[in-house]
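For reference, the structure discussed in these notes is given below.
Every read-out reported here was derived from the displayed coordinates using simple, explicitly stated rules and does not represent laboratory data. Computed from a predicted model, the values in this text were never measured in an experiment. Glycine gets a Cβ as well: all are built from the backbone with ideal geometry, and neighbour counts include every protein chain shown.
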Amino acid sequence: MTEIRQILQVARTDFSYFFRTKWLMAVLLSLNLSDMLVIGLVYNGMMSINYFQFFAPAVVVMGLFMGAMDTGRRIWLALREGVTQYYLSLPISNRGLVIAYLIAGSFAAMIYSSTLLLVALIVLPTSVAWKALILLPFLLILAMGLAGIAASLAAMASTHGEYFFAYQQIIQVLLLTLSTVYYPREIMQLYLPSAVIALASINPLSVAAEALREFVFKGSAIQLNIMFNLVLTSVPFALLGAFAYYRALHTLQVKGKL
């Protein structure tokens with residue numbers, strides 16, 4: 001019970017840091033909203049589909065991604081500024097510290113993306129908005145997976161100087177570009193190899209975006225196999241990130257540095 005309290009305390013502290021960078025969050029939120037309202041409406045007149053209806057739910061997923069990636073920035077700063085070393089002196093195990101950061105990162109990402117989801121529900125009215133509540137637990141698992149990716153990037157960057165933001169940009173390009181966030185699968189099939197289409201289809205960001213489009217904004221019946229795929233593609237990221245960050249903490253304890 002003592003370690004559980006410590007885990008929750010560390011998670012609460014890290015979660016509060018997310019809201020201390022108010023200007024950064026405001027800038028990121030404004031960028032996501034401009035994507036939804038400007039790009040969606042402009043492209044809507046240039047494509048044969050209702051691109052605004054297609055793109056607005058995707059912005060929610062993009063917000064989830066950006067919110068989770070901020071976890072890596074906080075971990076990276078904690079490693080550089082000695083905060084992690086202080087945490088290691090507390091009665092909390094390395095595993096508990098990893099869990100605390102994943103919890104804080106996933107909930108911070110959910111808060112951030114929920115703001116965008118509310119805007120999407122306003123600009124795209126739907127009679128089945130309650131289905132968004134059913135999707136939230138699955139989006140939380142995705143957020144934890146993305147937070148795991150961010151943690152692994154922070155652990156890698158801690159041993160390679162100032163590379164964290166470069167790593168973050170690479171992952172952002174790969175995960176967002178190789179997905180159906182920006183463009184429908186049918187359009188991708190016209191121009192890209194089948195291997196790329198297969199990768200885009202199993203990308204958890206694609207699965208989450210399609211779930212929001214179909215179940216919340218189009219009103220289709222929720223399909224459990226899609227929810228299972230979302231969990232199945234998200235959990236490995238969380239496990240990978242947890243392992244990478246755990247190894248970084250172990251190295252810090254043994255060698256005194258990374």
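Observations on the model:
- In this Cβ point-charge picture (+1 for Lys and Arg, -1 for Asp and Glu), the chain has a dipole of about 520 debye about its Cα centre.
- The Cα-based radius of gyration and maximum Cα-Cα distance (Dmax) for region 1-120 are 17.9, 59 Å.
- Protection proxy ranking of 33-46, 183-196 - average other beta-carbon atoms within 10 Å, highest first: 33-46, 183-196
- Dipole axis of region 1-82 (+1 Lys, Arg; -1 Asp, Glu on Cβ), positive-most option in SER30, MET47, VAL10: VAL10
- Each residue of region 47-53 was assigned a 3J(HN,Hα) from its phi angle through the Karplus expression (A = 6.51, B = -1.76, C = 1.60, θ = phi - 60°), giving 10, 6, 9, 6, 5, 4, 5 Hz with x at Gly and Pro.
- Percent of Cα-Cα distances greater than 24 Å, calculated over region 2-255: 47 percent
- Volume per residue of the C-alpha convex hull in region 148-258, rounded to whole Å³: 118 Å³
- Most to least packed among 165-178, 112-125, 58-71 [average Cβ atoms within 10 Å]: 58-71, 112-125, 165-178
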